[in-house]
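The structure appears below as structure tokens.
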Amino acid sequence: MSKVHLIDHPMIQHKLTIMRDKETPSSLFRQLLYEISLLMGYEVTRDFPLEDVEVETPLEKATLKRIAGKKVAIVPILRAGLGMVDGLRDLIPVARVGHIGLYRDETTHKPVPYYCKFPKGIEQRMCILTDPMLATGGSAADAIDLVKQHGCLDIRLMCLVAAPEGIAAVQERHPDVDIYVAAIDRELNENCYILPGLGDAGDRIFGTK
């Protein structure tokens, strides 16, 4: 079974609380999402392998550590997942970025794919899938399906807020994919929104309704 990594650092929790406030404007919401995504990225990449390299400092030569050639793809689930890309790219500037477009049918609440574009060699990369909200888990599980169909098996799902139902759904369909979240909320309501949640992340990022 995949692991759920709850990243509950005080700075992340503080920023997330501000994001949850319905009075927080889109500009601040986007900035906080960027900051949290960068901070969460440290945990998502914690197990990256290191290698020894020789570096000449201003004082002497030294054998030091650097990441051992880990190739990364950041793949946001459109559209809200876009809000988490910049923080990760600032942390991992050499990462390539793909996109998966899914929307939720308002009647069935099931995800419908409409766009899929991955970097070349995705099968050789570690893929970080991003989506702020893990509600029913349907979109995330379908996105993981698409990544796997393109040959990538090293996949990590990074979300801001998750519902227990969404975590269970992803774990059932993809027990090999670890899930990284900043909060696990109480439940879904009758419209499949997370409670207490923070509303529609896409609308709050882009200032739409």
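The values are calculated or read from the model by the stated rules, or taken from the named source; none is laboratory data. It should be emphasised that the depicted structure is a prediction, and the values quoted were computed from it without experimental measurement. Reconstructed Cβ throughout: ideal geometry from the backbone, glycine too, with neighbour counts over all protein chains shown. Protein only, heavy atoms only, side chains kept; ligands, DNA and RNA dropped before computing areas. Shrake-Rupley method; radii C 1.70, N 1.55, O 1.52, S 1.80 Å.
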_GNM result for the chain, Cα springs below 10 Å: residue of Ile128, Ile67, Ile36 fluctuating most strongly_ = Ile67
*Could you tell me what percent of the accessible area of the chain is made up of carbon and sulfur, with a 1.4 Å probe and every protein chain present?*
52
*With the cut-off at 22 Å, report for the chain the share of all Cα pairs above it, as a whole percent.*
49
*asked:* Explain nothing, just compute: Karplus ³J(HN,Hα) = 6.51 cos²θ - 1.76 cosθ + 1.60, θ = phi - 60°, for every residue of the range 85-97 in order, whole Hz, x for Gly and Pro.
replied: 6, 4, x, 5, 5, 5, 6, 10, x, 7, 5, 8, 10
*With a sphere of radius 11 Å drawn around the Cβ of Ala163, what net charge do the other residues whose Cβ falls strictly inside it have (Lys, Arg +1; Asp, Glu -1)?*
-2
*Using every pair of alpha-carbon atoms in the range 128-201, split the distances into 10 Å bins beginning at 0 and state the percent of pairs per bin, rounded to integers.*
22, 55, 21, 3
*Just for the Cα atoms in the range 45-89, what are the lengths along the principal axes, largest first, rounded to whole Å?*
49, 21, 14
*For the pair Phe48 and Lys120, what calculated FRET efficiency results from E = 1/(1 + (r/R0)^6), where r is the Cβ-Cβ distance and R0 = 25 Å, to the nearest 0.05?*
0.70
*Could you give me the ³J(HN,Hα) list for the range 53-67, computed from phi with Karplus coefficients 6.51, -1.76, 1.60 and θ = phi - 60°, whole Hz, x at Gly and Pro?*
9, 8, 10, 9, 7, x, 10, 6, 7, 9, 9, 10, 10, 8, 5
*Hey, can you grab everything whose amide H is under 5 Å from the amide H of Cys116? Only 5+ residues off in sequence or another chain; H modelled, so Pro and N-termini drop out.*
Gly101
*Under 5 Å, built H, 5+ apart or other chain: amide partners of Gly197*: Arg186
_Under the 0.36 nm per residue contour assumption, what length would be gained going from the current alpha-carbon distance of Asp203 and Leu59 to full extension?_
46.6 nm
*Would you calculate the separation in nanometres between label points at Asp145 and Ala68, each defined as 7 Å from the Cα along the Cα-to-beta-carbon direction?*
3.6
*With a length cut of 20 Å (Cα positions projected on each helix's long axis) and a Kyte-Doolittle mean of at least -1.0, go through the chain and give me the DSSP H helices that pass.*
26-44
*asked:* Calculate log10 I(q)/I(0) of the range 1-85 for q = 0.11, 0.21, 0.23 Å⁻¹, where I(q) comes from the Debye formula with a single equal point scatterer on each Cα and nothing for solvent.
replied: -0.49, -1.07, -1.17
*Rounded to the nearest whole Å², what accessible area per residue is found for the range 67-189 with the 1.4 Å probe?*
42
